[in-house]
């Protein structure tokens, strides 16, 4: 590999290590991870099923309390 190629690879490695250490880089990575988690939660069948089961249990509990 030529000296220019080694220099470019070295600069890329330094940038890849340094960007997550900056506040802007960390904010970008946190925002990206947050977005991925929100999409996973919105499309996860297990989470949706758990929320629906909890809602049904709360409704039935309310109905039982209202009748007594």
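Every read-out reported here was derived from the displayed coordinates using simple, explicitly stated rules and does not represent laboratory data. It should be emphasised that the depicted structure is a prediction, and the values quoted were computed from it without experimental measurement. Counting neighbours? That spans all protein chains shown, and the Cβs are built from the backbone with ideal geometry, glycine included.
How many percent of all Cα-Cα pairs in the stretch 4-68 sit more than 19 Å apart? The calculated P(r) of the stretch 4-68 puts 64 percent of pairs beyond 19 Å. Sorting 26, 66 from the fewest to the most surrounding beta carbons within 10 angstrom yields 66, 26. Subtracting the Cα-Cα distance of residue 38 and residue 16 from their residue separation scaled by 0.36 nm leaves 5.4 nm.
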